[in-house]
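The values are calculated or read from the model by the stated rules, or taken from the named source; none is laboratory data. Treat the numbers as computed from the prediction; the structure is a model and nothing was measured. All Cβ positions, glycine included, derive from the backbone under ideal geometry; neighbour counts span all protein chains shown. To get the accessible areas, we keep the full protein, side chains included, count just its heavy atoms, and leave off ligands, DNA and RNA. Shrake-Rupley method; radii C 1.70, N 1.55, O 1.52, S 1.80 Å.
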Number of protein chains: 4
Amino acid sequence: MKILFIQTGGTIDKNYPKTNAGYAFEIDEPAVSRVLEKSFIGFEYEVVSLFRKDSLDVNDQDRSVLKAFLESTEHDKIIISHGSDTMPETASFVGKIPGKTIVFTGAYLPERFKESDADFNIGVAVGSVNVLTEGTFIAMNGKLMSPESCFKDAVSGLFETKEI
Amino acid sequence: MKILFIQTGGTIDKNYPKTNAGYAFEIDEPAVSRVLEKSFIGFEYEVVSLFRKDSLDVNDQDRSVLKAFLESTEHDKIIISHGSDTMPETASFVGKIPGKTIVFTGAYLPERFKESDADFNIGVAVGSVNVLTEGTFIAMNGKLMSPESCFKDAVSGLFETKEI
Amino acid sequence: MKILFIQTGGTIDKNYPKTNAGYAFEIDEPAVSRVLEKSFIGFEYEVVSLFRKDSLDVNDQDRSVLKAFLESTEHDKIIISHGSDTMPETASFVGKIPGKTIVFTGAYLPERFKESDADFNIGVAVGSVNVLTEGTFIAMNGKLMSPESCFKDAVSGLFETKEI
Amino acid sequence: MKILFIQTGGTIDKNYPKTNAGYAFEIDEPAVSRVLEKSFIGFEYEVVSLFRKDSLDVNDQDRSVLKAFLESTEHDKIIISHGSDTMPETASFVGKIPGKTIVFTGAYLPERFKESDADFNIGVAVGSVNVLTEGTFIAMNGKLMSPESCFKDAVSGLFETKEI
């Protein structure tokens, strides 16, 4: 098994600014690399960075770049780290790509934080991508969800499944 | 979705001894509770403790207790934290239980350690149990494996699949 | 021995925003409380919050409030957590207060970060306040310095002693 | 200012065993190096390892080696990491050495643990060694104590000053 990890930005990769610029975060190297390096990984993987944006700043041009990349890559098991606020939009935009298993994940607290949920969330994505066959999914809050049927609840911040 | 987590011991739950007894660890409260509490979980779960043993001390009587518990519980999605040294033996002993999805996991470093792989491994187990239907599996090193076809390599410490 | 800890803000207390406001930090509860609670403390202490500002936003009115508070408090051993950028200015403004030992400290990375220097810096302040008799000092980079004779180097970010 | 740090062992440096030997810790590289490397240190320092023992195993031969080393070294500001159980005995054995400021410290939880007090305690030792002139001291629980007048309370585990 080989997994490709793609960085697009979001909370998971936020770091304290190296310059003394006061209040603003910056989006730094992919957290997924640090998590995998300490986790006694037994599969092959690569980590690539496509862009580094807060997900509120991700636009349809970015999504087109991501989709084109996913369609052209030879990899068939892919985990994408992405900000949570527009994760369903991006995952829906990408949609299903024949022959590929794609899982989006992210975090509520940056991986640099002691109390971060990043390690767990990346684990959930890895566990599901082991088993899933084809399709594009969201892995947040320990749940696997279809992009079209879930949304981030504005009050709780948790991902919920739409009532039909 | 509801997941039952079962503690049996192992490295993942080892803590520094409260008494000043020098070199020995003790197996403490289930690490899985601490990981889930900080990870913005969106599913229901329970955590129960069956026993607290280093996996080299787990014997067939313990395994019978575990198997009987698994057969009698109403839960159908179950994650078992267990020491890695005899994890394949215990998982093979338990075997497949009709209607139940059972995933064993553990850690190379206690969850109490800064560099622990516990959060990631619990995540892998949760991600896979979302998707798997029936059967008993091992989730270590980011891989899902059948208990009968894997072993812990004595040199690398990693779980490998048996050549046939 | 009893030590009074005063929060004024700065990097040490920055936390990820609870609202999903994108890039901005917020200054949260005093980090010093969390550090002391886990450090098996054998002295009495109190923690009070005077204000919560990035040190670039601390003005002379804030400094007057702080100085008045220091002059009126009954405590004689006082540690002040403060942003590093204007720490020498605030400590010089406060100056020496008869009968009181005052130590300013802070951090380069928030205490919430895994790699934070907060615990160490608070320790340095506590160690020095045990021994110092009277005066107002800065404890950064593991060094005790006089506010008038030190400055934060714009390039290295470290506190240096002025050449005379 | 230059500080010499000497490792003698104890809880602060305990690590999970690299071999899969079950319950036993091992005493690993000096934790003080990791703490200093992340703490934006502004003074010169060296770290040397004299021995790696749980402090219950430190005997008078070890103490003689330590004392001889302290008497012969050119350094005059010295911090010694040591297990807490016999820290007063070792510090009393060493006694005062003319021209030298010596501070013993340690930890209740290994530096490898998330909740460790190691960073704080090393900070206390560094802060006090900045200010102290001559003598041999114990820095534990955020307090500076004379080796002859303190003891580790068997119940609380904290260092207390003897009633006279």
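The table below gives the values:
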| item | result |
| --- | --- |
| Diffusion constant of the stretch A:71-164 at 10 °C, which comes from Stokes-Einstein with the Kirkwood Cα-pair radius and 1.306 mPa s, µm²/s | 117 µm²/s |
| GNM flexibility winner over chain B from B:103, B:48, B:131 (Cα, springs under 10 Å) | B:131 |
| At 7 Å out from Cα toward Cβ: residue D:1 inter-copy label distances (nm, ascending) | 1.5, 5.2, 5.3 |
| Per-residue ³J(HN,Hα) for the stretch B:112-127, Karplus 6.51 cos²θ - 1.76 cosθ + 1.60, θ = phi - 60°, Hz, x for Gly and Pro | 5, 7, 4, 9, 5, 9, 5, 4, 4, 5, 5, x, 4, 5, 5, x |
| Label geometry 7 Å along the beta-carbon vector: residue A:48 inter-copy distances in nm | 4.7, 5.3, 5.9 |
| Protein accessible area in the stretch A:71-117, 1.4 Å probe - carbon and sulfur % | 47 percent |
| Volume in Å³ per residue [convex hull over Cα atoms, computed for chain B] | 122 Å³ |
| Whole-number D in µm² s⁻¹ for the stretch C:77-127, Kirkwood Cα-pair radius fed into Stokes-Einstein, 20 °C, 1.002 mPa s | 182 µm²/s |
| Under Karplus coefficients 6.51, -1.76 and 1.60, residue-wise ³J(HN,Hα) of the stretch B:34-51 in Hz, glycine/proline x | 5, 5, 5, 4, 9, 9, 6, 6, x, 10, 7, 7, 10, 10, 10, 10, 8, 7 |
| Rotation relating A and D, chain D residue nearest the axis via C-beta, angstrom | D:114, 3 |
| DSSP bridge pairs, the stretch D:2-161: antiparallel proportion in percent, nearest 5 | 30 percent |
| Label-to-label distance, nm, for residues given as residue B:50 and residue B:33 (7 Å Cα→Cβ offset) | 1.9 nm |
| Inter-centroid distance (Cα atoms) of the stretch C:1-68 relative to the stretch B:72-121, Å | 42 Å |
| Cα-based Rg / Dmax (Å) for the protein assembly as shown | 26.9, 82 |
| 15 Å reach of a label modelled at residue D:60, 7 Å along Cα-to-Cβ, counting backbone N of the stretch D:82-104 | D:89-95 |
| Accessible area in square angstrom per residue, the protein assembly as shown, 1.4 angstrom probe | 39 Å² |
| When each of B:2/B:38; A:14/C:53; D:96/D:162; A:143/C:114; B:143/C:18; C:53/C:152 is checked by Cα-Cα distance, pairs over 28 Å | B:143/C:18 |
| Summed buried accessible area for B+A [probe radius 1.4 Å, Å², rounded to 100] | 2400 Å² |
| Built amide H within the under 5 Å cut-off of residue C:108, gap 5+ | C:117 |
| Sequence of A:52, A:112 from largest to smallest accessible area, 1.4 Å probe | A:52, A:112 |
